[in-house]
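> This structure is in C-alpha cells; I'll ask about it shortly.
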There are 2 protein chains.
Amino acid sequence: MQKIVQFLSVLAMSVSAFADEGMWTLDNFPKTTVAAKYGANITDAWLETVKRAVPRMDSGCSASFVSSNGLVLTNHHCALSCIAQNSSADSDLEADGFLAARPEDEVSCQTDRLSVLMATEEITDHVIAATDGMSDQKAGDIRRQTLKRAVQDCEDTSGLKCESVALYKGGQYWLYKYKRYDDVRLVFAPESDIAAFGGDPDNFNFPRWCLDMSLLRVYENDQPASTPNHLEWRTEGLDPGEVMFVAGRPGRTQRLLTVADLKYLRDTSIPHWLLRNVELRGRYIQYATTSDEAYRITQEPLLRVENFIKVQRKRLDALHNDALFEQKMAAERALKAAVEANPELATEVGSAWDDIVRANQTYLGFRDDHYFIEVGAAFNGRLFGYARSLVRAAAERQKPNEERIESYTEASLPRVKQLTLADRPIYTELETLQLSFSFDKMREFLGPDSMFVRQILGKKSPAELAEELVSGTHLDDVAVRTDFWDADWEALQTSNDPMIQFALSIDRQARELRKRYEDEVEAPSDLAYEKIAKALFTIYGTDVYPDATFTLRVSYGSHVGWNEKGSDVRPWTTIAELFPRVTGDDPFRLPASWLDAEETMADELKFNFVGTTDIIGGNSGSPVIDKDGRLVGLIFDGNIHSISGAYWFDSELNRSVAVHPEIMIEALRSVYEADHLLEEMGIK
Amino acid sequence: MQKIVQFLSVLAMSVSAFADEGMWTLDNFPKTTVAAKYGANITDAWLETVKRAVPRMDSGCSASFVSSNGLVLTNHHCALSCIAQNSSADSDLEADGFLAARPEDEVSCQTDRLSVLMATEEITDHVIAATDGMSDQKAGDIRRQTLKRAVQDCEDTSGLKCESVALYKGGQYWLYKYKRYDDVRLVFAPESDIAAFGGDPDNFNFPRWCLDMSLLRVYENDQPASTPNHLEWRTEGLDPGEVMFVAGRPGRTQRLLTVADLKYLRDTSIPHWLLRNVELRGRYIQYATTSDEAYRITQEPLLRVENFIKVQRKRLDALHNDALFEQKMAAERALKAAVEANPELATEVGSAWDDIVRANQTYLGFRDDHYFIEVGAAFNGRLFGYARSLVRAAAERQKPNEERIESYTEASLPRVKQLTLADRPIYTELETLQLSFSFDKMREFLGPDSMFVRQILGKKSPAELAEELVSGTHLDDVAVRTDFWDADWEALQTSNDPMIQFALSIDRQARELRKRYEDEVEAPSDLAYEKIAKALFTIYGTDVYPDATFTLRVSYGSHVGWNEKGSDVRPWTTIAELFPRVTGDDPFRLPASWLDAEETMADELKFNFVGTTDIIGGNSGSPVIDKDGRLVGLIFDGNIHSISGAYWFDSELNRSVAVHPEIMIEALRSVYEADHLLEEMGIK
C-alpha cells in the first residue's frame, strides 16, 4: 500500500512514514496501518456505530447524532441557511443567536435534509458490462441510464433511499442506501460574532477562537426521531498527541486528476471563477453599506462567496507550487511508463491521457456558452433557480425515468421539490443585484454580439432586464411555486410569469449545450479516467482510497500542531487568548453574552484545536472521535495549508481545525444556560 | 537585424517577412526596411517634424499639434480627467460634451501638462563608468545619484526640462530634453456616449464606432502658444493597404523580460492585481446604482479600472499561450547558449538570469508589505495621495537634490506641485469607498496579525478608519493643501490634520521598504538586465528597438485588416453600421445630437479603422501619419490581439485602432457646428 499512497500524495515521497493521508471508505479502512502506527484497534462495531451516528447534511455538510432523541451536532455555518431563512429585520437569529427552550419552540429548517448511510453495494461489473465495446458517446448515455435504473431498482426493492456513487473517478460504481430525515429543526445557534469570530480574515487560519457549532433535531411524524446510534461526549477532549478520527462527508478532492486537468484548473478554471466571485464580493460589500437591512440580508451570501474566494485563491497558490506540480508530473510519467511496459494495458489504457487533453480542448470551443447558459452562470439568484427547476421538473416528468436528467429522476425529485417549495424569504434588491451581475458577466464573456446575449438582452441593459424579471415574477410566493409544481408542461407554456417564460425561452439551447458537454467532454473524459483507474489498480493494487465524493469517509491522525516557518504552533487555543483579540468591530467583535461571561469562564478552557486528519470542504460539522468511539470535537475548518489538500496531502503542514468539547459544553452551560440540552446529551 | 527582430518577437519566427514590428526611437528608425518594404522614403526632416508636432501628455497619453495656435488633438479618454474635474452635478461635461465657442471659453485642465521633445543625448558610458566594479547595492545607489545629477546639470545648462531614460532595460542611458506646456485647456469634447460607444464590452474590440477625440490647447503667458510645427490633415484618410506611421509615447512593453520575470507576471503579479481591481469594479458599479450623482462621479474611476481589467485579463491569456511561452523559453535558451559559447561574455553575463530569479525570490519575502505600505495599495484615494506628496515633498526638500527620491528632485517637483495643488472636486463618499476598500485588502493580504495592520487599524474596522480620516481631513481644500505645500517639515509634524498625521505615521516604515526594494530587488535586477542587454548587443548587434518607456517612438505598418477565425475583417467601419447597434441603453446609447444628425450624414462615411502598426497603452492620442507627414487618423485603441503586444508582436493579428479623419471632420462640421475649429485646422 505504501507505494500507492506515495503515488496519490506527491509529498508523501519524502515523509510517507508520517503521513496520515486518506479519506477512507468504511469497507476499506486501513485498520492494520492504524493499529501499527497508533496502537488503536478499530473494530467493525466501531465503524458500524460511526456509520449510523454520522448523518450527511444534504446541503453539503456533515453532522453527528448526540442524543437518542434525534439531536444533531453540526457547525453554525452549516445551519446558516436555516438560521437566515428564519430571520427577519425584527428577529435576527444570525446576529442574536437562537435557543429553543422546549422542543415545540424548535423552528423548521426548510431546505435541510439528513441522510444516514445504512448499506452499500458495489455494481462495478454490472456497469462496465453494460457499456462494453461502445463508442464514448454511446457508453456515456448507457452508463447514465444504467445507473439511474440501478438506483430506481434499489429504491423499489430496499425501501431505502438510493444513490449511485462513482469511486476512483469511475474505477468503481456503488449503490449507497440511506435512511432520510426530511423534517429538520433548529434547536440552538450561538450569535454569529462568536460562531465566526475573526470572520473572513481568520477563515482557514489557526490559532482560532470560533464557537462554530449549532444543534438541530430530526423529526419523524412530527415527533423527535429515535436515534439510538449516537455519540457520547468525552468532555475533556483528546490528550496531546493522541490518535483521533474524523468521520464525515468530504465533498471533493482532485488527487487523481491528470496533469492536464490540474493545468486546466490552474490556468483557466480557477482564475475564471475567482475573478467572477471577487467582483461579486465587491458588489455585496458595497450593497451591504446601504442600510442595516441590506447588511443583514447580505451576510449569508457574502460569507459563502468569501469562503469560496479564500479556498480558490489558496488552491491557485498550491497549484503554482512548481516543485509539487513537478512531482505530480513525475508521478504521471511513472504511471504512463508502467502502462507502456505492459503491452495489454498499453493497448487498453495508453491513449487515456491524450483523450483527456482532447476533451479539454473540445470543451474550450463552447465552454463559455456552457458555463453561462446551461451551468447557469448568467442567471444568478433564487428566482431564476426556481423557474428553471419548475420548467425542467415539468419537462422531465413527461419522460421515462432513465431518460431524465439525473437530478430529476424519481429518486432525486423529492429534493428538488423540497428546495423549490421551501418557504424562505426572498429579497428583491439582492435578487436584482445577483441577476444583473450575472447578465453583465455573460455579456462581458460571451461578448455583446453573441447569439445568446442578443437573444437574452435584446435592447435592454443587464440591470434593466434583471429589474424587469425580478419585479415581474410571482415566484417569490411559495403558493405560486406550488401551483407551478403541480402544473403540467402545457400549463407552464401558457403561464404569463416573466421568469417562467424567460427560463422556457433558453431551455432548448441550454439542453443542447448540456448534451454536447455530456457527449463531447464528459463521455470521453469519464472513459479515460475509468481506464486510468484500471491502470492504477493493475499496477499498484486496490488498497487505496478514492477521491472524495461527498460520501461517508473516515480519516485518522493525531492531535498535534505543526511548524510554521520555524515556530511550533501549539495544537489548541484557550479562552484566555480570545479576549485580547477583541476589537469591538466586525469581525473581531464579541456578543454581549460573551462579554458578560468573560469573568466566569476559566482561563485555561480549551477553545479550538487541530490534528493531522485528512479532511476537506464537506467535512464541516464532522465529529472528531476517539479510539473508543466517543465525541471529542467538532470539525469546522482546516488551517491555511489544508486548502492544497484538494490536490495532495501535506502531512507536515495540513491540519484540520475543530471546536473543543470544553468550550461547547461551557458555553451551553454558562453563556446560554441550556442545561436541558446538556442533560439530553448525558452531560452532568 | 532580422535575427534580432526574431529574438524579440517570438512570433516573428514564422512570419518575420510580414512583421511590422517595433516601436522605434527616432535616431534608430529603420528607414531602409521601410523603403524596401513600402517604398516610402522617410527623411530626417519627416522625423524632425514628427518630433516637434507630437507632444507627450504627461498624464500618460500622446497627442499632436493640429494648428499653429497650440491646438492639440488627442483622445476623449485622454482628456477625461480634465473633463471630469470641470464637471459637476449641474454641468456634466462627460455626459453632455463641451465646445468652447471662443478661446476665452476654454477651461483649464489643471492636472495636464504637455512635453515636446527637443533633443536627446546618450550618457551610457558616463553611467556605466560611475558604477564600475561596485556591489549591486552600491551600484544602484550611485546609478540613481548619477542620473539625478545628470538631469539637473542638463536643466541648468540647456534651459530645457530634462529626464533620464533607460533604454534596453539599462543597456543604454539617455537624457531627453523637453519644452514644457503647463497651461493646458479644454477646447472640445464630444459626449461620452459617442466617444466611448460600446463602453467596456467593445473596449479592445473591432469593428468599432467611437469618436474618441478631444481638442485641447496649450497656452503660454495666458495666450495660445505658437506651434508652427504641427500636422496638416489629409481629410480622406489612407487608401486600403497604404503604408502608415504612428508617432507617440508607448508606455511600457516587456518584450525583453526574462522567462523568470514573465512567469512572475503570469503566476503572481497579474492575478494579484486583477483580483484586486475586479473587486473594486464590483464596489464601483454597486455604488453607482445609489444615485445619479454617484453614477456620474464613478464613471471616470470605473472606466480606468475596467480598462485595466480588460488589459490584464488578456495579458494573462497571452502568457498562458503555452506555444508562445515555449518560444520565449527557446529564445532565452538560445541566448544563454550563445553567452556560454563566448568565454568573456560567460564570465561577465553568465549569472544574470539566476540573479533575476534570486531577486524575485527575495522580493516574495516582503512583497506584500512593500505593495501595501510603500507602493500604497493600502491607501487608495486622492486625499491620502495628497498627504503623502505633501509629507514627502517637505521631507525631501531638506535633502541635497541627488539624495532625494527621484520624483521629488528639483526637476520633478513642479509636476508633484501641479498635481497636488490642482483645484479638482473631491467626492467624500468615493474617497471613503476607495480608502476603506484598500484598508480591507491590506488586512486580507497582510493578515489581521501583521504589525502594519495592527499599527494602522488598531481596534478600528477598515470602514471606520477610512470614514474618520476622510471626514476629518481638510486636504480637500486646495487652500489648505497650498499652505501645507508652503510649510516646512516641522510645521507638518505639528499639524493636527488626521490625514497628514496618518501619512507621517507610516512614512518611516514605508521608506524602509522602499530602500529594501531598491537594494535587494531593483539593484541586482537592474544590473542583471544591463548584463543581458550587453549580451544581446554583442551577439545580435545594436540595430534593434528597445522596450517602450513612455518616450517618443515611431511605428510603421499598413492599413490592412486581419483574418479572425477564418473571416476577413475589413480594416474600416462606416457610420451606416453604427445605428443598428444602438440599443438606447448604456453603453450602446447615442447622444441626442447624433440621433438628430443620423439623417444628414452620408452612409459611407468612414468611422474607425485599423492598421498593422505596433503600439501599446500610452499611444492613445497618437496621430496616424502618412508617408508625406500628413495626419490621417487618431489612435485610440488596439484590437483584442494587440493586448499580447506587451510581450510579443503578432503581426498576423495585432492591429492598432484609430478614429478616421472623415468622421472627426464631419462630426465637428455637422453635429457640433465647430466651423471655427475646422477653419483653424485649415479644413474647408
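The values are calculated or read from the model by the stated rules, or taken from the named source; none is laboratory data. As the structure is a prediction and not an experimental result, all values here were calculated from the model. As a convention, Cβ positions derive from the backbone with ideal geometry for all residues, glycine included, and neighbour counts pool all protein chains shown. What goes into the accessible areas is simple: the full protein's heavy atoms, side chains included, and nothing from ligands, DNA or RNA. Shrake-Rupley method; radii C 1.70, N 1.55, O 1.52, S 1.80 Å.
> Summing -39500 (n - 2.57) over the DSSP H runs of n ≥ 4 in chain B and dividing by its residue number, what mean residue ellipticity at 222 nm do you reach, to the nearest 500 deg cm²/dmol?
Values: 28 runs with 301 residues, N = 684.
Computed mean residue ellipticity for chain B: -13000 deg cm²/dmol.
> So, one more: So in chain A, which Cys have no other cysteine's beta-carbon sitting under 4.7 angstrom from theirs?
Those would be A:CYS210, since no other cysteine Cβ in chain A comes under 4.7 Å of theirs.
> When you count, for each residue, the other Cβ atoms within 10 Å and take the mean per peptide, how do B:650-658, A:141-149, A:543-551 rank with the highest first?
Working: B:650-658: 24.1, A:141-149: 19.7, A:543-551: 21.3.
Put in order of decreasing packing, that is B:650-658, A:543-551, A:141-149.
> Moving on to the next point. Sequence gap at least 6, Cα distance under 8 Å: using those rules, report the relative contact order of chain B to the nearest whole percent.
Across chain B, relative contact order equals 26 percent.
> Given charges of +1 on the Cβ of Lys and Arg and -1 on the Cβ of Asp and Glu, with all other atoms neutral, how large is the dipole of region A:333-438 about its Cα centre, in debye to the nearest 20?
Working: 13 positive and 16 negative charges, 82 e Å.
Roughly 400 debye, rounded to the nearest 20.
> Summarise the long-distance tail of P(r) for region B:91-220 by giving the % of C-alpha pairs beyond 21 Å.
On the way: 5138 of 8385 pairs.
Counting pairs separated by more than 21 Å, the tail of P(r) holds 61 percent.
> Additional query: Please state, as a whole number in µm²/s, the translational diffusion coefficient that the Stokes-Einstein equation yields for chain B at 10 °C and 1.306 mPa s, with Rh defined as the Kirkwood radius across alpha carbon pairs.
Numbers: Rh = 26.3 Å.
Translational D for this selection: 60 µm²/s.
> Quote the relative contact order of region A:434-495 in percent (integer), defining contacts as alpha-carbon pairs under 8 Å separated by 6+ residues. Please list the in-between numbers first.
Numbers: 24 pairs, mean separation 18.6, N = 62.
Normalised by residue count, the contact order of region A:434-495 is 30 percent.
> Can you give me the relative contact order of region B:545-677 as a percent, contacts being Cα pairs under 8 Å and 6 or more apart? Write down the numbers at each step before the final one.
Working: 205 pairs, mean separation 32.7, N = 133.
Computed over region B:545-677, the figure is 25 percent.
> How far is it, in nm, from the label point at A:LYS179 to the one at A:ASP675 when both lie 7 Å from their Cα along the line to the Cβ?
About 3.2 nm, to one decimal.
> In addition: What is the distance in Å between the Cα centroid of region B:408-433 and that of region B:40-97?
Centre-to-centre distance over Cα atoms comes out at 21 Å.
> May I pose another question? Using a Cα-Cα cut-off of under 25 Å, which lysines could be cross-linked to B:LYS138, ignoring same-chain neighbours fewer than 8 residues away?
B:LYS148, B:LYS169, B:LYS399, B:LYS515, B:LYS531, B:LYS534
> Rule-of-thumb check for region B:368-412: C-alpha Rg over 2.2 N^0.38 Å?
Working: Rg = 11.7 Å, N = 45, 2.2 N^0.38 = 9.3 Å.
Here the Cα radius of gyration is 1.25 times the empirical estimate.
> Which residue of chain B is nearest the rotation axis onto chain A, counting by its Cβ, and what is the distance in whole Å?
B:GLY282, 1
> Give me the log10 of I(q) over I(0) for the protein assembly as shown at q = 0.04, 0.06 Å⁻¹, as the Debye formula computes it from C-alpha points; what are the numbers?
Taking Cα atoms of the protein assembly as shown as identical point scatterers yields -0.27, -0.61.
> Across peptide B:587-593, how many C-beta atoms of other chains are within 10 Å of each residue C-beta, on average?
Values: counts 2, 4, 1, 0, 0, 0, 0.
Across B:587-593, the average partner-chain Cβ count within 10 Å equals 1.
> Take B:GLU518 and A:LYS37, extend 7 Å from each Cα along the Cα→Cβ direction, and tell me the distance between the two endpoints in nm.
5.3
> Within 10 Å of each Cβ in peptide A:268-279, how many partner chain Cβ atoms are there on average? Round it to a whole number, please. Mind dumping the intermediate values first?
Working: counts 2, 0, 1, 8, 1, 0, 4, 10, 2, 4, 9, 11.
Mean number of neighbouring Cβ atoms from other chains: 4.
> Rounded to whole Å, give me the distance from the Cα center of region B:285-319 to that of region B:594-624.
First find each Cα centre; the distance between them is then 23 Å.
> Roughly speaking, to the nearest percent, how much of the protein assembly as shown's 1.4 Å accessible area is carbon and sulfur? Don't jump to the answer; show the numbers that get you there.
Numbers: 24650 of 50230 Å².
It is 49 percent, rounded to a whole number.
> Which aspartates and glutamates, on any chain, are close to B:LYS441 with Cα under 13 Å apart, when same-chain ones fewer than 8 places away are left out?
Partners found: A:ASP200, A:GLU306, B:GLU279, B:ASP368, B:ASP369.
> Further question on the same structure: Work out the P(r) tail for region A:536-654: percent of alpha carbon pairs separated by more than 22 Å, whole number.
Numbers: 3531 of 7021 pairs.
Summing the P(r) of region A:536-654 above 22 Å gives 50 percent of all pairs.
> Oh, and also: Using the Cα centre of region B:63-181 as origin and beta-carbon charges of +1 (Lys, Arg) and -1 (Asp, Glu), tell me which of B:MET134, B:HIS77, B:SER91 is placed farthest towards the positive end of the dipole.
Final value for the positive-end residue is B:MET134.
> A follow-up question, please. Pull out a ≥ b ≥ c, the square roots of the eigenvalues of the alpha-carbon gyration tensor of region B:29-139, then state rounded if a/c is under 1.5, prolate if not and a/b is larger than b/c, and oblate in the remaining case.
On the way: a/c = 2.94, a/b = 1.51, b/c = 1.95.
Note, shape of region B:29-139 comes out oblate.
> In the calculated pair distance distribution of region B:584-660, what percentage of Cα-Cα distances lie above 17 Å?
On the way: 1693 of 2926 pairs.
Summing the P(r) tail past 17 Å for region B:584-660 gives 58 percent.
> So, one more: Between B:ASP585 and B:GLU220, what is the spin-label point distance in nm, taking each point 7 Å from the Cα along the Cα→C-beta axis?
Distance between the two pseudo-spin positions: 5.2 nm.
> Here is a further query. For A:SER407 and B:ALA479, FRET efficiency with R0 = 60 Å and r from the beta-carbon atoms, rounded to 0.05?
Working: r = 66 Å, r/R0 = 1.10.
Computed FRET efficiency for B:ALA479 and A:SER407 comes out at 0.35.
> So, one more: Between B:ASP239 and B:MET329, how high is the FRET efficiency from 1/(1 + (r/R0)^6) when r is the Cβ-Cβ distance and R₀ = 41 Å? Nearest 0.05.
Values: r = 41 Å, r/R0 = 1.00.
So the FRET efficiency works out to roughly 0.50.
> Specify which residue in the list A:GLY198, A:PRO587, A:VAL243 is farthest towards the positive end of the charge dipole of chain A, using unit charges on the beta carbon of Lys, Arg (+1) and Asp, Glu (-1), about the Cα centre.
In chain A, that residue is A:VAL243.
> 7 Å along Cα→Cβ for the label point: how many nanometres lie between A:VAL107 and each equivalent label in the other copies, listed shortest first?
Listed shortest first, these distances are 5.3 nm.
> Scan around A:TRP562 for amide H atoms under 5 Å from its own, H built in the peptide plane at 1.01 Å from N, and keep only partners 5 or more places away or cross-chain.
Under 5 Å from the amide H of A:TRP562 lie the amide H atoms of A:VAL569, each far enough along the sequence or on another chain.
> Just report the Cα centroid separation between region B:533-574 and region A:109-158, whole Å.
58
> Sticking with this structure for a sec: Could you calculate the FRET efficiency of B:VAL107 with B:ASP27 from 1/(1 + (r/R0)^6), where r is the beta carbon distance between them and R0 is 30 Å, rounded to 0.05? Each step should come with its number before you reach the end.
Numbers: r = 38 Å, r/R0 = 1.27.
In this case the efficiency is close to 0.20.
> Let me ask something else. Just to confirm, what accessible area per residue do you get for chain B at 1.4 Å probe, in whole Å²?
On the way: 25110 Å² over 684 residues.
Averaged over the residues of chain B, the accessible area is 37 Å².
> Moving on. Within 10 Å, count the other beta carbons around each residue, average over each peptide in A:349-357, B:675-683, and list them highest first. Spell out each step's value before the answer.
On the way: A:349-357: 18.6, B:675-683: 16.3.
Ranking the peptides A:349-357, B:675-683 by packing returns A:349-357, B:675-683.
> Let me ask another. Suppose every K and R has +1 on its Cβ and every D and E has -1 on its Cβ; what is the size of the dipole of chain A about the Cα centre, in Debye to the nearest 20?
On the way: 74 positive and 109 negative charges, 366 e Å.
It works out to roughly 1760 debye.
> Given the convex hull of the Cα atoms of region A:375-476, what is a quarter of its surface area in nm²? The partial results should precede the final answer.
Details: hull surface 28.6 nm².
With the hull built on Cα positions only, its mean projection is 7.2 nm².
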